[in-house]
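Notes follow the structure.
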Amino acid sequence: MFRAFPYRAALMAVLAVLTGTLPAVFAALVGVLVGALPGLASTGLNSAAGHRIIASLVAIALTLVVAELAGSAQDIVSTDLYRRFDGYLLSRVMAAALQPDDLRLADDPALAATVDRAARVARYGGGELVSGLSTQWTVRAQGLAAAVLVGYYWPAAAAVLTVVWVVLARSLQTSYYQADPFWTDPLRRARYVQRIGLLPQWAKEVRIFGLASWLGEQYGREWLQVMADLWQARRADRPKMAALGCVLIVSHLVILLLLVRAATSGALTVAAVTVLLQGLAGMALLAGLAGDTWIENGSVPVPDLLALEQVVRDGRTPPPAALAADRLPGPAYPGSPASKAAPARSAALPGRMPHNISFEGVSFGYPGAPNLVLRDLQLQIEAGTSLAIVGLNGAGKTTLVKLLTGLCQPTSGLVRIGDTDLTGMDQASWRRQVAVIFQEFLRYELPLRDNIGFGAVEQAADDRLLAEIAAQAGAASLVASLPAGLDTTLSPRFDGGVDISGGQWQRVAFARALMAVRGGARVLVMDEPTAHLDVRAEAGLYSRFLSLTKGLTTIVISHRFSTVRQADRIVVLADGQIAEDGSHDELVAADGQYARLFTLQASSYRRHR
């Protein structure tokens, strides 16, 4: 925090200390006032005693004014720093998570867990650290100032009570963290059950299957189990905490008795007693835990952020010891480690497409998986042709698309664009020439113009182009039916937003890919995005796709042979390799796996006509 925002953090610290010490100043002035009151009765306000009282009242008033101003300034500075530090940490998490140009942070379980832990910054807010420190510094300063006040009149009492309160504070903190369930696993299932009951994506099934009562009961059982563990942990600390409580009570009773005796014997003045009583009460803040929970919430995710940045730099999960030496960089975030995480790929694209695409002995396996998905794959895709890829689930069809787009790197072998190795090319430039409609394409809860325009964001402001693209994708009627046209938000969770059907979403995704073509894409991939369409609608959509993209390199993945038979060429993936290759007629004539699957599917369609 101090490295990122040194001046604001220092100002907050100064204001916190000032706000914390002013109550002790107020207590001392009240003591001066009380000490001067007896002389006022006999001498009046024009006497020295009267002047002391007036001066004390003025000083008290000024102290109260300064305390209010300092407290307000502290609130303003800490709130400003809260927002800045929150945004600072969130920007680092996003920059680190988005830095790799492949999917290793998602596909590797250990790396994915590191991202998930770092993302807690978004849930808990690193800015809470600021609020916690601001509160804690104020409380600690107030307790220390009270101890100094007591020590001025009675050093021994101040020393004894300071030790007692500090030991008690440490014991309270230790007890809290030993029994704190909120950063451990017991609550994970309870929280998951809670999300099922609250989030909209589960709302339909929860009601259809009558899960509401079960979820409520299950959440109650999980929560009670967590609380039982918490209560058990608390019981383990009871003897120690009871003993400390007894020491605290006895020490205060002894000091108060001695204070009474000193006051009655005349060893302490009324003014001193007044100050000591206020100071003894204020010393309790030495054990105050105010702000601790905020500090925990704000600081716990920070080591995970550092781990994520190291993962991005090194491409592997860092050992725990490595994090101890890591430090937050200076305030200029663009120079943070995440921004230098990966070496830039400087190789330019080999001109503008079309270029042949070839997989040369490509093997690939996901991190942690026992088997390879692709094994020594040999495939050449000629520029400007249409290719269909079929195969059973798990054959590696989507993995092949990830390798083509550079989202994954081959375990062995090469993917070439023309004569250039894909891993040595500038990935951002390459991806501008590729448009993919994935099976699980994103449904952005944003206006329709953004859902289409993301294909080529530099042209997204052109309403005429967007309308033309929508019409080409078969979504013209959708645009016309929306209350605000292209500016309608595609989510009922927002004012003026609407929900659209699965088939309409697929046409929107198709329009996004066509928009990418207008932006320069020359390779288009459809990875089974048409699950919500019937057979005829899918075939019609693919026919339109081929017509609109004639002359481009197109790749389609589908289980429906009425769709794939339209491609210039079809390959069958099996066991991570190309099992069959040819046109539809050639593969049917070969009477292999493709022919058997085609016959089986065709007979099924005939039975259901």
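The values are calculated or read from the model by the stated rules, or taken from the named source; none is laboratory data. Nothing here was measured: the structure is a model prediction, and the numbers come from that model. Don't worry about glycine lacking a Cβ; one is built from the backbone with ideal geometry, like all the others, and counts go over all protein chains shown. When the accessible area is computed, the model is the full protein with side chains, heavy atoms only, and any ligands, DNA or RNA have been set aside. Shrake-Rupley method; radii C 1.70, N 1.55, O 1.52, S 1.80 Å.
The figures follow:
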| quantity | calculated |
| --- | --- |
| Failed item in (1) at pLDDT below 90; (2) more than 20 Å from Ala147 (Cβ to Cβ); (3) open to solvent by less than 30 Å² (accessible area, probe 1.4 Å); (4) in a helix (DSSP H, G or I), with Val34 passing the rest | (3) |
| Boolean, Gly455 is assigned to a helix (DSSP H, G or I) and crowded, with 18+ Cβ neighbours inside 10 Å | yes |
| Residue selected from segment 517-531 under the condition in a loop (DSSP other than H, G, I, E, B) and of a type in the set (D, E, K, R), by the criterion surrounded by the fewest Cβ atoms within 10 Å (Cβ to Cβ) | Glu528 |
| Failed criterion for Val93 (all others in (1) modelled with pLDDT of 85 or more; (2) open to solvent by less than 60 Å² (accessible area, probe 1.4 Å) hold) | (1) |
| Search result, residues across segment 411-446 that are without any contact (Cβ under 8 Å) to a residue 60 or more places away in the chain and open to solvent by less than 30 Å² (accessible area, probe 1.4 Å) | Val415, Leu422 |
| Tabulated pairs, segment 495-515, first closer than 13 Å to Ser481 by Cα and acidic (Asp, Glu), second outside any helix (DSSP H, G or I) and open to solvent by 40 Å² or more (accessible area, probe 1.4 Å), C-beta under 6 angstrom, 6+ apart or interchain | Asp499/Pro492 |
| Filter result (open to solvent by less than 70 Å² (accessible area, probe 1.4 Å) and either aliphatic (A, V, I, L, M) or at pLDDT below 90 (or both)) within segment 6-19 | Ala9, Ala10, Met12, Ala13, Leu15, Ala16, Leu18 |
| Leading residue by the ranking (farthest from Gly365 (Cα to Cα)) among those in segment 400-421 that are in contact with a helix residue (DSSP H, G or I) (Cβ under 7 Å, 6 or more places away or on another chain) and not in a strand (DSSP E or B) | Thr405 |
| Positions within segment 496-512 being among the aliphatic types (A, V, I, L, M) and either open to solvent by less than 10 Å² (accessible area, probe 1.4 Å) or in contact with a Lys or Arg (Cβ under 6 Å, 6 or more places away or on another chain) (or both), in sequence order | Val508, Ala509, Ala511 |
| Condition met for Leu442 (at pLDDT below 85 and of a type in the set (A, V, I, L, M, F, W, C)) | yes |
| Within segment 274-284, considering residues that are surrounded by 19 or more Cβ atoms within 10 Å (Cβ to Cβ) and either touching a Cys at 6+ places or on another chain (Cβ under 9 Å) or among the hydrophobic types (A, V, I, L, M, F, W, C) (or both), the one nearest to Leu89 (Cα to Cα) | Met283 |
| Criterion (modelled with pLDDT of 90 or more and in a helix (DSSP H, G or I)) met by exactly one of Leu514, Leu478 | Leu478 |
| Exclusive hit being crowded, with 16+ Cβ neighbours inside 10 Å and at pLDDT 75 or above, set Ala287, Ala212 | Ala287 |
| Segment 121-143: number of residues that are among the hydrophobic types (A, V, I, L, M, F, W, C), open to solvent by 20 Å² or more (accessible area, probe 1.4 Å) and at pLDDT below 70 | 1 |
| Total residues in segment 373-393, condition in a loop (DSSP other than H, G, I, E, B) and either without any contact (Cβ under 8 Å) to a residue 12 or more places away in the chain or surrounded by 19 or more Cβ atoms within 10 Å (Cβ to Cβ) (or both) | 3 |
| Any chance Thr43 is of a type in the set (S, T, N, Q) and modelled with pLDDT of 85 or more | no |
| Of all residues in segment 467-488 being hydroxyl-bearing (Ser, Thr, Tyr) and open to solvent by 30 Å² or more (accessible area, probe 1.4 Å), the one that is nearest to Leu514 (Cα to Cα) | Ser477 |
| The listed residue being of a type outside the set (A, V, I, L, M), open to solvent by 90 Å² or more (accessible area, probe 1.4 Å) and part of a helix (DSSP H, G or I), out of Arg449, Arg464, Arg493 | Arg464 |
| Hits in segment 541-562 - residues which are in contact with a Pro (Cβ under 8 Å, 6 or more places away or on another chain) and assigned to a strand (DSSP E or B) | Thr553 |
| Selection within segment 563-577 - open to solvent by 50 Å² or more (accessible area, probe 1.4 Å) and assigned to a strand (DSSP E or B) | Arg569, Gln577 |
| Residues of segment 444-483 that turn out to be under 32 Å from the mean Cα position of the chain (by Cα) and of a type outside the set (Phe, Trp, Tyr), as a count | 16 |
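Let's see how each residue does on (1) at pLDDT 90 or above; (2) within 25 Å of Asp229 (Cβ to Cβ); (3) surrounded by fewer than 19 Cβ atoms within 10 Å (Cβ to Cβ); (4) of a type in the set (Lys, Arg):
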| position | (1), (2), (3), (4) |
| --- | --- |
| Ala119 | no, no, yes, no |
| Val150 | no, no, no, no |
| Ala158 | no, no, no, no |
| Trp183 | no, yes, yes, no |
| Arg188 | no, yes, yes, yes |
| Arg191 | no, yes, yes, yes |
